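What follows is a set of notes on a single structure, which appears directly below.
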Amino acid sequence: MARVFSGIQPTGDLHLGNYLGAVRRWAAEQHEHDAIHCVVDLHALTIPRDPAELRAKTNEVTLLLVAAGLDPQAMILFAQSHVPEHTELAWVMECTASHGELSRMVQFKEKSKQAAHVSAGLFTYPALQAADVLLYDTEEVPVGDDQRQHIELARDLAERFNGRYGPTFVVPKHTIPPVGARIMDLQEPTKKMSKSLDSPQGTILVLDDPKAIERKIKRAVTDSDGEVRYDITEKPGLANLLSILAAVTDEQPEAVAEKYTQYGPLKADAAAAVVEALRPLQERYAELAADPGAADAILRTGAEKARAIATPKMAQVRDAVGLTSRH
Ligand code: TRP
């Protein structure tokens, strides 16, 4: 089984686009891969965060992933900061990467334009990300196209390190996740649904209650020609509703379109179907969240399993570069 690693930031809220586009598939495929999912709390620190909120979000995303069906017995689910080898290897990666290489990272260029305070951590972020992946002899990193450059860098760093110090790291592959449902913002249907707070009415959060889901879908932007057909360019709002309904009922949007002649009933059915699709996740989340120690327990188990892999790998790195033994 291929070792697959992915990182998820504990910031913002998990929304329907995350769930239908990625998380649902992680759960479905967890027995086909040797899967590691890491809540990257250290990466979240590259931008100043409210401490209480970071803590709460770390726990929330952990419980949400489990509520969505990830089985912490079958895979590894842990918090990045619980495995100190991540920061330890990140330093070695910072010393392997060049300043020029990190300066060329598109995500850094974009984020540093927006930030009032550009932390050094924002600059070295991709070195930490490379450490995340390389610590576990990861073979595949299934992340969106926006992360391609970071994974390319991780590959370059692995090869450079192996060249300098001898074979140490597996060179990971960036795999494009199969196109899950492409879920757009309900108010601006040409933009992807996103967790930024700019468009709360356009984003369905996985923990939204049924009333909120119904309201958001009812008010979703469509068009005025009144014809139900699946056309992403001419009718992006309607196409999005068809995609959502199709994704939750496991059908094709074109086929769903044929069942409707009016927008109202389509919206009503889409809302009802989303409510039903999220119900098991919400129920499971409520059960888990009722125990204040649940996230801690899950993350503790995950960190033990992760360290069993990361500690010997880091010992190998220390030895390779010439750091003396601490034992
Ligand atoms: N940078 C990734 C993102 O913003 C998150 C991430 C951190 C990650 N470490 C990773 C993804 C390792 C894949 C592998 O989405």
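The values are calculated or read from the model by the stated rules, or taken from the named source; none is laboratory data. Keep in mind it's a predicted model, so treat the numbers as computed, not measured. Heads up, the Cβs are rebuilt from the backbone with ideal geometry, glycines too, and the neighbour counts pull from every protein chain shown.
The table below lists the values:
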quantity	calculated
Residue in segment 107-117 that is under 20 Å from ALA308 (Cα atoms) and either touching an Asp or Glu at 6+ places or on another chain (Cβ under 7 Å) or within 11 Å of the ligand (Cβ to nearest atom) (or both) present	no
Residue satisfying all of: in segment 297-327; among the charged types (D, E, K, R) and in contact (Cβ under 8 Å) with a residue 12 or more places away in the chain; nearest to ASN162 (Cα to Cα) among these	LYS313
In segment 118-148, residue nearest to the ligand (Cβ to nearest atom) [restricted to those that are over 22 Å from ALA35 (Cα atoms) and in contact (Cβ under 8 Å) with a residue 12 or more places away in the chain]	TYR125
Subset of segment 77-99 [more than 13 Å from the ligand (Cβ to nearest atom) and within 25 Å of TRP26 (Cβ to Cβ)]	LEU77, HIS82, GLU85
Subset of segment 269-327 that is at pLDDT 95 or above and among the basic types (Lys, Arg) - its residue that is nearest to VAL83 (Cα to Cα)	ARG307
Residue that is at pLDDT 95 or above, within 30 Å of ASP291 (Cα to Cα) and not polar (S, T, N, Q), where the choices are LEU134, LEU70, LEU128	LEU70
Close pairs (6 angstrom Cβ cut-off, 6 or more residues apart or separate chains): free of Cβ contacts under 8 Å to residues at least 40 places away in the same chain in segment 269-283, among the aliphatic types (A, V, I, L, M) anywhere	ALA273/LEU245; ALA273/VAL248; ALA277/VAL248
All positions within segment 148-162 that are out of contact with any Phe, Trp or Tyr (no Cβ under 7 Å at 6 or more places or on another chain) and crowded, with 18+ Cβ neighbours inside 10 Å	HIS150, ILE151, LEU153, ALA154, ARG155, LEU157
Filter pass, LEU64 being in a helix (DSSP H, G or I), buried (at least 20 other Cβ atoms within 10 Å of the Cβ) and out of contact with any Lys or Arg (no Cβ under 8 Å at 6 or more places or on another chain)	yes
Residue match in segment 54-77 (condition: touching a Cys at 6+ places or on another chain (Cβ under 9 Å) and closer than 28 Å to HIS15 by Cα)	yes
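Yes/no matrix, rows are residues, columns are (1) small (Gly, Ala, Ser); (2) assigned to a helix (DSSP H, G or I); (3) at pLDDT 95 or above:
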residue: LYS211; (1), (2), (3): no, yes, yes
residue: GLU214; (1), (2), (3): no, yes, yes
residue: ILE217; (1), (2), (3): no, yes, yes
residue: ALA220; (1), (2), (3): yes, no, yes
residue: GLY226; (1), (2), (3): yes, no, no
residue: TYR230; (1), (2), (3): no, no, yes
residue: ILE244; (1), (2), (3): no, yes, yes
residue: VAL248; (1), (2), (3): no, yes, no
